[in-house]
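Structure, as structure tokens:
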Amino acid sequence: MPGNSQLAIIRSILMAVACSLLSCATSQQDIDKGAVSSEQPVGAESSESAASKVPPKTTFKNGQELKLARIMDGGACNSEDRGARGLFLVYADPTDIERIKKEQGTQVFAEFEHDIENLSLQAFQESIDVINFDDNPFALDLEDALQHEVQQLISKFEEFVEPAIANFESNTGLTVYVIPFSPAINFILDNCGSALRQSPGSM
């Protein structure tokens with residue numbers, strides 16, 4: 001569990017780099033005109049989308065199609081020097097959003113976004129705290145080692161975020177899926193705190 005000062009640093013660099021949960025998931029426009037449809041979960045994205053570094057505009061969760069609703073930038077440190085930074089993809093069910101709008105109004109979505117930010121940050125911090133940053137003696141090369149760390153980070157994130165999302169869905173009635181976007185994950189091996197304070201555009 002990160003301390004209050006550490007969470008303050010992380011929150012200072014978490015921001016939405018696309019439109020809001022409400023406007024994106026209900027809009028007919030894509031967040032990114034280059035976004036591609038995918039029938040795979042984001043964690044198992046196609047090599048084409050990974051190569052182009054364009055997030056899929058849709059994903060599936062338990063057979064249910066979700067639309068890309070928000071992209072957040074954030075990061076965490078597990079020591080003074082080491083950590084990671086990247087983009088988080090937030091998918092949501094537009095049918096749920098329309099229903100909630102009619103039942104509760106639009107004002108509740110600001111609170112939903114805040115809750116999603118917090119649970120994403122917490123899961124990312126917990127993931128960073130447990131992954132192994134040491135050199136992998138079995139890696140074929142640096143690229144192979146980095147890919148292994150990315151897979152390890154995403155696997156841990158999914159493990160830690162799943163119960164928080166289940167609780168969020170139970171409380172709100174909104175189906176969501178949050179995942180770090182693997183091509184945009186950058187590991188920090190020196191002066192992590194300072195690196196996280198830089199603007200997202202400097203990634």
Taking segment 82-115 and keeping residues among the aliphatic types (A, V, I, L, M) and in contact with a helix residue (DSSP H, G or I) (Cβ under 8 Å, 6 or more places away or on another chain) leaves A84, L87, L89, V90, A92, I97, I100, V108
Out of (1) more than 12 Å from A84 (Cα to Cα); (2) modelled with pLDDT under 85; (3) assigned to a helix (DSSP H, G or I), the one F138 does not meet is (3)
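Kindly indicate which of D81, D73 is closer than 22 Å to L146 by Cβ, assigned to a loop (DSSP other than H, G, I, E, B), acidic (D, E) and at pLDDT 50 or above.
D81
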Scanning segment 97-128 residue by residue, those in contact (Cβ under 8 Å) with a residue 12 or more places away in the chain and in a loop (DSSP other than H, G, I, E, B) turn out to be T106
For residues that are in contact with a strand residue (DSSP E or B) (Cβ under 8 Å, 6 or more places away or on another chain), of a type in the set (D, E) and more than 24 Å from Q104 (Cβ to Cβ), scanning just segment 141-175, find the one that is modelled with the lowest pLDDT. E149
For the structure I just gave you, tell me whether V54 is over 20 Å from A195 (Cβ atoms), in a strand (DSSP E or B) and out of contact with any Ser or Thr (no Cβ under 7 Å at 6 or more places or on another chain). no
Answer yes or no as to whether F88 is at negative phi, modelled with pLDDT of 90 or more and assigned to a helix (DSSP H, G or I). no
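The values are calculated or read from the model by the stated rules, or taken from the named source; none is laboratory data. Quick caveat: nothing in here was measured; it's all calculated off a predicted structure. In this analysis, Cβ positions are derived from the backbone assuming ideal geometry, glycine residues included, and neighbour counts consider all displayed protein chains.
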